[in-house]
Amino acid sequence: MTIRRNCRVTFERHGEGRNALNEKVGKWQRLGAAWGARTDLSDTERAAAGQIGAVRAARFTLRRSDLVLGLTAADRMKAGGHVWNITGVAARGRWVDVSAVSTGRKEEA
């Protein structure tokens with residue numbers, strides 16, 4: 001099976017740290033990057049509390065590596081100019097499918 005990897009994906013993990021109220025603080029730290037193939041699964045709009053928001057779901061197919069296999073739902077990705085929250089990681093042979101959702105937030109500077 002040939003996968004056309006045409007999307008650059010950057011992985012990030014939230015830095016450890018707590019403030020005086022024991023709340024998580026810290027910055028997102030870059031874990032690494034890889035090329036992958038993005039497949040859009042759905043685009044939906046939902047109205048909540050009088051506001052309309054868009055939610056996009058996609059699956060990113062990446063070559064199997066220790067970096068990709070070590071991802072969890074606490075991590076996030078940046079691809080296509082958007083921030084993606086990881087919802088699942090599934091290995092299949094030499095490929096790994098990473099499911100993610102984006103609310104349309106642009107990458108932070």
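The values are calculated or read from the model by the stated rules, or taken from the named source; none is laboratory data. Computed from a prediction, not measured in an experiment: that's the story for all the values here. Note that each Cβ is placed from the backbone with ideal geometry, even for glycine, and that neighbours are counted across all protein chains shown. With ligands, DNA and RNA removed, areas are computed over all heavy atoms of the protein, side chains included. Shrake-Rupley method; radii C 1.70, N 1.55, O 1.52, S 1.80 Å.
Within segment 36-50, does at least one residue satisfy the condition of being in contact with a Phe, Trp or Tyr (Cβ under 6 Å, 6 or more places away or on another chain), open to solvent by 70 Å² or more (accessible area, probe 1.4 Å) and modelled with pLDDT of 85 or more? The answer is yes; a qualifying residue exists. For segment 92-104, indicate whether the set of residues that are within 14 Å of A37 (Cβ to Cβ), in a loop (DSSP other than H, G, I, E, B) and open to solvent by less than 70 Å² (accessible area, probe 1.4 Å) is non-empty. Within segment 92-104 (the criterion being within 14 Å of A37 (Cβ to Cβ), in a loop (DSSP other than H, G, I, E, B) and open to solvent by less than 70 Å² (accessible area, probe 1.4 Å)), the answer is no, since none of the residues qualifies.
Does A57 count as in contact (Cβ under 8 Å) with a residue 24 or more places away in the chain and either touching a Cys at 6+ places or on another chain (Cβ under 6 Å) or surrounded by fewer than 12 Cβ atoms within 10 Å (Cβ to Cβ) (or both)? Answer is no for this residue.
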